1. With a 10 Å cut-off between alpha carbons and a GNM built on the chain, which of 346, 303, 113 moves the most?
2. Evaluate E = 1/(1 + (r/R0)^6) for residue 137 and residue 286, where r is the Cβ-Cβ distance and R0 equals 30 Å; express this FRET efficiency to the nearest 0.05.
3. Ranked highest first by average number of other Cβ atoms within 10 Å, how do 101-108, 170-177 line up?
4. Rounded to the nearest 10 degrees, what's the angle between the helix 267-296 long axis and the longest principal axis of the chain, both from Cα atoms, 0 to 90?
5. Between residue 333 and residue 361, what is the label-to-label distance in nm when each label sits 7 Å out along the Cα-to-Cβ direction?
6. Taking the Cβ of residue 266 as the center, what net charge do the other residues with Cβ under 12 Å away carry, scoring Lys and Arg +1 and Asp and Glu -1?
7. For residue 144 and residue 257, FRET efficiency with R0 = 51 Å and r from the beta-carbon atoms, rounded to 0.05?
8. To test your reading of the geometry: what angle, between 0 and 90 degrees and rounded to tens, separates the Cα axis of helix 21-36 from the longest principal axis of the chain?
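What follows draws every value from the coordinates through simple rules; no lab data is involved. If you're wondering where the values come from, they're calculated on a predicted model, not measured in any experiment. Please note: Cβ atoms are built from the backbone with ideal geometry, for glycine as well, and neighbour counts cover all protein chains shown.
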Amino acid sequence: MGTLSSALDRPARTAAIIGTEDEAIAAAGRIAEAFSLPAQDSAAAEARHELLSRTGLFGISVPTEHGGIDVSNTVLAEVCALAAAGSAALGDVLAAHFVAVEKVRSNGSESQRNSVFSAALAGARLARASARRNSEAADSLPLAASGLAWRLGGEALCTPCARHADWLLMPVRLDGGRPAVLLLPTRLGGLHYIANSCEPVAGSTQAAEHVLFKDVLVDGDTLLQPAGEATTHGVPRSLDLLLEAARRKGGARAALRHLLDEATGEPVVSGLLSARLAAADAMTAEAGRAIDAAQIGLADQHRTNAFLAAVAALAAAEEAATAILRVSDSPGEETALTASLSPHLRAILRESGELCRKENRRQPEAES
């Protein structure tokens, strides 16, 4: 496949075979625990990413006709939530990969699908890039025609540790301003990684990878089908929103567990925060099912429903996460959070909050 196949120049990996959705969730929990511990140095951080490739998680969304198990989007969301609860960077890496796989599924050629999907089943990873112009976010980079190929220049911020991925999805503009996406091997000549973002930073989340494109020569087999207005609310974007909601939930779950462990303050607050997170869980599951339907449905209404459900899930997750983090950072926020509750609801939430605290204390015994 010319340029596209150069992503496979890396040594062959051996990835675990995940055969069921339950196995996928279990694998996500194990790797999240590994990523939750601070890496001592860059080599250790890179080793963890190699371990991630070997879990088999990068292949769980590959369609069945290409040898995968094509897990439901609700399960993909749960995998990302579990990952984000252990490490924000891990959640970012998995979500970027799953959305990129969906981009290839939705807009790639049969040849691109065959190459990417078989590699993903073997542990290959896709990263994503967002364009930068004059140090500010941009929607894409211009792609200039050069004979039968194109040339690409500019800068982007990419998924953490993108240099250790196999492919990089880069939004570009063709002549005439048409949007498209390039599927670039991460070792392609002309790609320059500014700093080693796999180097852990104490007390900070892992930074996005800063990449420069210096007169990169790309050919036609790296170009996914141009995305026009008809696909603005397509499945890849809806999945992107869903997995963003999942990552927000993952971080909120970890913070809520800490609050429940402390068991201080009004139980009504614990009940309210737990209820908000449960509502976000339910809306995420519903959005996952809507995206499942959009992947097999032919009507525009399927895609519209999926997009609206994903937006609703993200809004619910954002609201729940914001409330949980506010109380976690400033316990004095509890009063403002519950001030408008009716006496009836306050009593019910106090009861549920006490129950949530009790169940949280019981978890270690259940897991032993």
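1. Fluctuation is largest for 346.
2. Numbers: r = 30 Å, r/R0 = 1.01.
It comes out at approximately 0.50.
3. Working: 101-108: 22.5, 170-177: 16.1.
Order by mean packing, descending: 101-108, 170-177.
4. Its long axis makes an angle of about 30 degrees.
5. 2.6 nm
6. Numbers: positive: 346, 350, 357; negative: 333, 334, 354.
My count for the surroundings of residue 266 gives 0.
7. Numbers: r = 51 Å, r/R0 = 1.00.
So the FRET efficiency works out to roughly 0.50.
8. 90 degrees
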